[in-house]
Amino acid sequence: MADQWWIYSKPVPADGRELWTLFLQCSCITALIGGLFYNWMFASLEYSWCLSTATAVSFSLLLLLTLLLVHPARCVFSMIMPTLGTKQGRQLLFSTCIMIAVVNITPNIISNIKTILQVIKCICKNSSDSLLNSTALLEKVSWEFGATIQETLNSIYKPMNGHVRFSLLQNSSLIYQKMHLAGEKISREFLSVEALVKDSMRVANRLAAGFFMLYLCFESTWYLKNYLTNLRFDNFYITRKLEHLAVDRKAAHLLVGSSKKLIRPTGLKLSWEEVVLCLVQAMLVTVALMLMLVVVAMDHFAFSVADTAVRRAAQFSTVPVTLSIKYKVEIGIMPFIFKIFGRPSEELLLGDFNRTYHHHLIFSSAHCTVSPPTPPNPSALLVVGLLFCILYATVFLETYARRLCRTIAASFFRSREEERVLYLYRKLSRRHRK
């Protein structure tokens, strides 16, 4: 492995064998990166199959030529891998989480809301039918009541017309048409909002992903530029070359006295600044996790409400309505005479009407077309959970990822690393003399 890395990090291959080995290394790397790039474009960013394939193939060929011919480009590309464990890599993971929420969780919430609206529409339709039927019952009751009055009373006391007439809407198609139009309008609005949200978030996620990828390359290039031009940049590590230099010049005590300020790149020790930075980044990841949990909770809440609405609507029993009419007509016989003698007045029963009518209000029907509620997608939740676990891991591994970037740059530019080690040794010597 050391020999393979030595060939990969050399500026120019020494012979044909090393050139062939370098070509195989670059080919394997570009094939792997090309496959991941295609999957990222097609599955995550939702580009078309043709565009994803063409872009992945073109990117792989360009990357192969760049890695094979440009030595600093190999160094930058190698540093991109550990840079994924820093803030730039977390931004890419955040973008992926947002895209998963937009593609899988948000449409599920909207689908369950549409199911709730379908249940409400079904209840309104059936209840309106029952109300129209109840007005027909009232017409029947009034007609029978009026006919009874006309038949039982004498012509002297008979009213001119004993019927109570209702103006009924016999054709309910107008109500159904208006309800259907209202439901279609709500459905179109929901579909337009869903399409607008998905398209907007898809475009925003594509732009953010492209920006983060470019920024990731820029971050690695910026690190390499500072490493090559600034001897003080990220130069506070006790490396093997520094130890060998101090031992050769019999100044090993310099490293012992400066152990609090210098860090071994292969050790697990973190400085106070690095610990504070990890805690701040962990708080930011926690805030993003809380926001994602709110979206997930909304998904479960919408499913719970939709499932309850569908089950309760199917269990709605008919509501019995009882209409009782009691009508009694009596006339007193010479009441003033009986009042003079202090006796109760006798009354003559002219008519009696006592009937009970039954009706049922129906709120649900088996003929209603209600789409079943959609449960939350467990695979999407699992992927989001794994991504956030990786995010928390990158928070505490960011420091070690930066140290790995420095090790990669030192292996690619060995002469520059010797200059940096000599600069740090002289700096420690001057500090010790003071």
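The values are calculated or read from the model by the stated rules, or taken from the named source; none is laboratory data. Everything numeric here is computed off the predicted structure, so don't read it as measured data. Note that each Cβ is placed from the backbone with ideal geometry, even for glycine, and that neighbours are counted across all protein chains shown. Areas reflect the complete protein model, heavy atoms only, side chains present, ligands, DNA and RNA absent. Shrake-Rupley method; radii C 1.70, N 1.55, O 1.52, S 1.80 Å.
Taking each residue as 0.36 nm, the span from Glu144 to Ala14 lengthens on full extension beyond its C-alpha to C-alpha distance by 35.5 nm. Taken along its three principal axes, the alpha carbon spread of region 1-126 comes to 86, 32, 21 Å, from the longest extent down to the shortest. For Tyr237, the residues whose modelled amide H falls within less than 5 Å of its own, excluding neighbours fewer than 5 places apart on the same chain, are Ile263.
Each residue, Arg433 and Ala31, gets one label point 7 Å from its Cα in the Cβ direction; the gap between the two is 5.8 nm. In the full protein context, region 1-69 carries 62 Å² of accessible surface per residue, based on a 1.4 Å probe and ignoring ligands, DNA and RNA. In region 1-69, how does Rg compare with the Kirkwood Rh, expressed as the Rg/Rh ratio over alpha carbon atoms? A ratio of 1.12.
Taken along the Cα-to-beta-carbon direction at a fixed 7 Å, the label points for Asn354 and Arg414 span 11.7 nm. Structural descriptor for region 1-69: relative contact order 31 percent, calculated from alpha carbon pairs under 8 angstrom and at least 6 residues apart. Along region 417-434 the Karplus relation, 6.51 cos²θ - 1.76 cosθ + 1.60 evaluated at θ = phi - 60°, assigns HN-Hα couplings of 5, 5, 5, 5, 5, 5, 4, 5, 5, 5, 5, 5, 5, 5, 5, 5, 5, 5 Hz to successive residues, with x for each Gly and Pro. By accessible area, using a 1.4 Å probe on protein heavy atoms only, region 1-69 has 77% of its surface on carbon and sulfur. Per-peptide packing, taken as the mean over residues of other Cβ atoms within 10 Å, places 4-10, 76-82 in the sequence 76-82, 4-10 from highest down.
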